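A.B. asks: Below is one structure. I have some questions about it.
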Amino acid sequence: MWIYISVHIVSGILIIWMSQEPYKAYNTISAILAAMATARATAAFSSVAIMLLFVCVGAHAGGRGDKVKVVDLVVETCKNASSSCRNKHLNVTQEFCVQTLRSDKRSSKAKDLRDLSLVAVDILKIRVAAAGGKVKEALQKAKKGTDEALGLRYCQVDYDAAIGTLGLCDAMLRDFHVPRGDADGPWSFELPECVEKATDHVSDCWHDLHMDSQTLINENEELIKLGDLNNVLLGPYDFDS
C-alpha cells in the first residue's frame, strides 16, 4: 500500500498530511507553494520548508482515507536527541531539552534543527556570560594571592573563551548550507565539534574553582548540562553519530 505524504512547518509545528490519493497530497503542496509565493510580497504566511515524501507502508497499515498528524518540532527534536547514541554518556533528558528550548520564545518560530540549535547556542552563551559576571564579582571580594582568587581568574578566562567559541558556533550554524559543506560554509561535523570545544572551556572552570565556591560550582554544572544539550542537538550533523 502506498501512502502519499506532504510535509510542511508552520510556526514551529510540523504538519504531515497523509493520503492514499496522490492528487490530494499534490494539491496540498501546490496550495502551500502558492501561499509562500504570495508571502514574498505580503509576509502574510509563515509556511516554510516543504517536501513530498513517498513511503511504502506494509499491509498491516489499516484503514483508508486521509489523516493529519501534527508534530511539535521542539518535542520531536528533543525526543530524538535524548534517545540518540550520542546521548548515552551525556544523559540529557527530553524534559530538560524541551524546557530549555521553550524558555526562549524564538523556539516557537524555528523551522528546523538548525534554528533550534541557534536558540540553544544563544541560551548557553547568555548563561555563560551571566556566570562570568558572578565570577568577576567573587574575584573582587576574594583575597589576592590565594588559591581561591587564582581559581576565579582561571575560571574567568575559561568563560571568556567559551563565549568567544559560542560566537563562532553561532556564525558557523548561520553559514551552514549543505550536509557536506561548500566553499562558503563549514562542514557539518564541525558544528558539534564547536559546541564541544565551548563546553570543554566551561568544564575547565569547574576544575579551577575552589571548593568553597559551591554556588559558582553548582552554576557551572548547570552550564555543562546546557553544553551537553547543545552537543546532542547537533549530533545529527556528525558523520560518526
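The values are calculated or read from the model by the stated rules, or taken from the named source; none is laboratory data. The structure presented is a predicted model; accordingly, all values stated were derived computationally and were not measured. We place every Cβ from the backbone using ideal geometry, glycine too, and count neighbours over all the protein chains shown.
A.B. asks: Does residue 190 satisfy the criteria of being within 24 Å of the chain's Cα centre (by Cα) and at pLDDT 95 or above?
C.D. replies: Judged against the criteria, residue 190 is not a match.
A.B. asks: Is it true that residue 148 is within 16 Å of the chain's Cα centre (by Cα), among the acidic types (Asp, Glu) and surrounded by 15 or more Cβ atoms within 10 Å (Cβ to Cβ)?
C.D. replies: no
A.B. asks: If the requirement is being surrounded by fewer than 17 Cβ atoms within 10 Å (Cβ to Cβ) and either among the β-branched types (Val, Ile, Thr) or touching a strand residue (DSSP E or B) at 6+ places or on another chain (Cβ under 8 Å) (or both), which of these qualifies: 121, 157, 128?
C.D. replies: Matching residue, one of 121, 157, 128: 157.
A.B. asks: Could you count how many residues in region 96-131 are of a type in the set (A, V, I, L, M, F, W, C), under 14 Å from residue 223 (Cβ atoms) and touching a Leu at 6+ places or on another chain (Cβ under 9 Å)?
C.D. replies: Residues in region 96-131 being of a type in the set (A, V, I, L, M, F, W, C), under 14 Å from residue 223 (Cβ atoms) and touching a Leu at 6+ places or on another chain (Cβ under 9 Å): 7 in total.
A.B. asks: Please go through region 199-215 and give me each residue that is over 14 Å from residue 157 (Cβ atoms) and assigned to a helix (DSSP H, G or I), ordered by number.
C.D. replies: 199, 214, 215
A.B. asks: Assess whether residue 188 counts as being closer than 23 Å to residue 144 by Cα, in contact with a Gly (Cβ under 8 Å, 6 or more places away or on another chain) and either surrounded by 15 or more Cβ atoms within 10 Å (Cβ to Cβ) or free of Cβ contacts under 8 Å to residues at least 12 places away in the same chain (or both).
C.D. replies: So residue 188 fails the test.
Yes/no matrix, rows are residues, columns are (1) in the same structural domain as residue 233 (by TED's automatic domain parsing); (2) more than 12 Å from the chain's Cα centre (by Cα); (3) assigned to a helix (DSSP H, G or I):
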residue	(1), (2), (3)
80	yes, no, yes
86	yes, yes, yes
91	yes, yes, no
96	yes, yes, yes
100	yes, no, yes
118	yes, no, yes
123	yes, no, yes
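A.B. asks: Can I ask one more? So which residues in region 69-100 are charged (D, E, K, R) and within 18 Å of residue 119 (Cβ to Cβ)?
C.D. replies: 72, 76, 79, 95 - these are the residues of region 69-100 that are charged (D, E, K, R) and within 18 Å of residue 119 (Cβ to Cβ).
A.B. asks: Let me ask you something else. Of the residues that make up region 153-168, is at least one more than 17 Å from residue 222 (Cα to Cα) and among the aromatic types (Phe, Trp, Tyr)?
C.D. replies: Yes: region 153-168 contains one or more residues that are more than 17 Å from residue 222 (Cα to Cα) and among the aromatic types (Phe, Trp, Tyr).
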